[in-house]
Amino acid sequence: MNHYLAEQEFQQVMQEHTEYLLRLAYLYVKDWSAGEDIVQDVFLKFYQVSNQFEERSSLKTYLTRMTINKCKDYLKSWHYRKQVLTNSFSNRTRKTPNRFIEQDEKLELADAVMQLSLKYREVIIHYYFEELSVLEIAQILSISDNTVKTRLRKARALLREQLKHNQWEVLLSE
Amino acid sequence: MNEIKSQLNAKVGDTSERASRVQQQVNIKKIQQPLVKKGYLGYYATIVAFIGVLVLCINLIPSINDEVGQLTGPEPTETTPPPLEEVDTAVEKKGEYYGLLKQYFFPDETEAVFLGGFENGGVKTHTFWLSDDYVQQVVSNDGGTVERVYRLNGNQIELVYQEMIDGSERTQWSIEELNKLPMLEVLLKAPFEIGDEYGNWTVIETSGQVTTTYGSMSNVLVVENKTDDVRMRKYFVQGFGEVKWEATYLNEESGDYEVASNTDLVGIYSLSDEAANIDYDQTAMIMETVEFDTICFNGRLVVDMSLNVEFVNGCTTDTEKIQSVIKILDSLPIKVSSQEEDGQRVTAIQQTDNYQIYLGNSVSYEDLEYQITIYEDGIFQYQPKGMARLGNITSKPFVEQYNEVKRLLDEMAE
C-alpha cells in the first residue's frame with residue numbers, strides 16, 4: 001500500500017475520532033491528563049495495525065473498546081488509587097488542573113452521574129451520552145444485553161436517590 | 001438531546017484544544033516507535049514460508065532415497081499403526097521408578113508454607129496434580145509468583161514450563177497443550193546415585209538428614225550447584241518434595257561457607273480446607289477486639305524533583321472517606337515483612353511518599369491502635385501498635401489481625 005495514503009488515512013482517523021475518544025476517556029477516568037495519555041496510547045497502538053481495518057463502521061467500535069480497556073487498566077493502577085487515597089484525607093484541597101470545569105448553570109444530574117461507580121456510570125454514559133442501543137452497549141462492554149438493562153435500571157435508581165430536584169423525571173420515561 | 005447528555009457536554013466543555021494536543025503528541029511519538037504493519041508481516045511470512053519449504057525439501061531427499069532403496073530391497077512388512085492415544089503424547093511409558101519419583105511432589109491441592117525466601121518474606125507453594133504425569137506448582141514469595149509444570153517422564157522428572165504469573169491465575173492446561181511443552185531441564189532422574197548430574201546440579205547425598213522448621217527428616221536426597229564462591233543446595237524428601245533450599249557463600253577469610261539465604265518447610269495444608277489446618281506458633285498473640293471510630297491519616301509526599309515534601313494529614317469519622325480507604329486496601333497485597341525490611345522502609349520514608357493510617361477512638365493521634373503503612377510501590381505492611389509487639393511478623397496471626405481490622409473498617413463504613 002502507498003505509505004503516503006496510509007499516513008493520510010491515519011490522520012483522518014485521528015481527526016474523526018480524537019474528540020469523541022477524549023470525552024469518553026475523561027468520563028471514565030475523570031482526569032484530563034490521564035484521559036489524554038490514554039487516547040494517545042490508543043492511537044499509537046492503532047498506528048501499528050492501521051492496515052488491518054477496511055470497514056470504517058467497525059473502526060469506531062474497535063477504538064472505543066481499546067479506550068475503555070485502557071481506562072479500566074488505569075483505574076486499577078496503583079498511581080490512580082494513590083491519588084484517591086490522598087484526596088480522601090488531604091486537609092488542604094490539592095489544586096489540580098484536572099478538576100471538573102465549573103459552570104454557572106447547575107449540572108446536578110451530570111455530577112450525580114460522575115459520582116456513580118464505574119459499573120453503573122459506564123452504561124449511563126453509553127446509553128445517554130453516546131446514545132447507543134442496549135445491544136451496541138453489550139457488544140462494546142462484552143456483557144449480555146440483560147446485564148446492560150439491569151445495570152441501567154440500577155443506575156437510574158441510584159441517580160434518583162442522589163438527586164434532590166425533579167430532574168430525575170427525565171429518567172421516568174425510560 | 002436528553003438532559004444527561006446536555007449536562008455532560010457542558011461539564012466536559014470544549015475539547016478541540018486537547019484533541020489537537022493529543023494528535024500532535026501522537027505524531028511525534030509514532031515516529032519513535034517501531035512500525036509493524038500487516039504489509040511487512042506478509043513480507044516476513046513469505047520469507048519464513050520459503051525457508052520452511054526449503055527445509056522440508058531437504059528432509060525429503062533422504063526419504064526419497066530410502067524409498068528407492070526399499071523398492072529394490074525386500075518387500076516391506078506390514079506394520080501396525082500405534083494406538084491413537086499414544087500419537088500425541090510426550091510421555092514415555094511410566095518408568096520402573098515412577099512410584100518413587102511421584103513421591104517427590106506434595107499431594108494434590110496442597111499449600112506448602114516455607115520460612116525465609118526472598119527478603120525473608122516466606123514462600124508458599126501450591127501443588128496441583130494435573131494428571132498422573134503432570135504436576136503444576138505455583139510458588140509465591142515477596143518477589144513475585146511463578147508457575148512451573150513438571151512432567152514425570154520415564155525415570156525422570158522434567159521441568160517443562162516456568163513463567164512469572166504475578167497477578168494472574170494459574171494456567172488451565174489441556175493434556176494436548178502439556179504434551180507439546182518442550183523439556184527445559186531435568187529436575188531429578190532415578191535411580192539416584194552420588195555424582196549424578198542434572199545440568200548444573202549434582203547429587204551429593206542420597207540418604208542424608210535435614211532439619212526444617214517442620215521437623216527433622218531422613219532419607220534425604222541432596223543436590224548441589226556450586227559455582228566459584230557460591231554454593232546452593234536443595235533437599236528432597238519422599239512424601240514431600242523439596243523441603244529446603246539454601247544458598248551459601250564462601251568467606252575467604254575463614255574458608256567456611258556462610259548462609260546467605262535459607263528457606264525451609266513450616267507446614268503443609270490442604271487448599272480445600274486451609275482453616276482447619278492452621279497451626280499457630282505457640283507464642284502467637286491473641287487478637288484483642290478493638291473498637292474505633294476514627295481514621296487518621298498522615299502522609300509525606302514528595303512533590304517535585306527537588307524532593308520538596310508536602311504533608312497531608314487529618315482525621316475523620318466520615319464513612320465515605322473510610323469506604324474509599326477500604327476500596328484501596330482491598331486491592332493491595334498484604335505484605336508481612338521482616339523486622340529488617342521494616343527498618344529499611346523506615347529509612348526510605350525520608351525520600352518517598354508514604355501513608356500511615358491510624359485507627360483510633362478519638363479524633364486525634366492520641367489513641368492509636370493499628371498502623372498500616374502504604375508505600376509508593378503499592379505494597380503496604382501492617383503492624384499493631386508498638387514495635388515491641390511485632391514478634392515474628394511472618395506468622396499467621398498478624399495476617400489474621402489484618403483481616404479483622406478490615407472487617408472492622410467495613411463495619412464502621414456501614
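Quick note: the coordinates plus some simple rules give every number you see, no bench work behind them. Every value quoted in this text rests on a predicted model; they were computed, and no experiment measured them. We place every Cβ from the backbone using ideal geometry, glycine too, and count neighbours over all the protein chains shown.
The mean number of partner chain beta-carbon atoms within 10 angstrom of a residue's beta-carbon across peptide B:19-31 is 6. Here the simple spin-label model places points 7 Å from the Cα toward Cβ, and for B:Val230 and B:Gln25 these points are separated by 4.1 nm. As a proxy for reagent exposure, B:Met232, B:Met183 were ordered by neighbouring Cβ count within 10 angstrom, fewest first; the result is B:Met183, B:Met232.
Projecting label points 7 angstrom from Cα along Cα→Cβ for B:Ala10 and B:Tyr249 puts them 6.7 nm apart. Pairs with C-alpha atoms separated by more than 22 Å, drawn from the list A:Lys60/B:Lys5; B:Lys124/B:Lys234; A:Lys76/A:Lys119; B:Lys94/B:Lys226; A:Lys70/B:Lys124, are B:Lys94/B:Lys226; A:Lys70/B:Lys124. Highest average first, the peptides B:20-28, B:151-159 ordered by how many other beta carbon atoms sit within 10 Å of their residues are B:151-159, B:20-28.
Legend: mean number of C-beta atoms from other chains within 10 angstrom of residue C-beta atoms, peptide A:22-29, equals 3.
Neighbouring Cβ atoms from other chains, within 10 Å of the Cβ of residues in B:254-264, number 0 on average.
Note on B:Glu320 and B:Val259: the model spin-label points, each 7 Å out from Cα along the C-beta direction, lie 5.4 nm apart.
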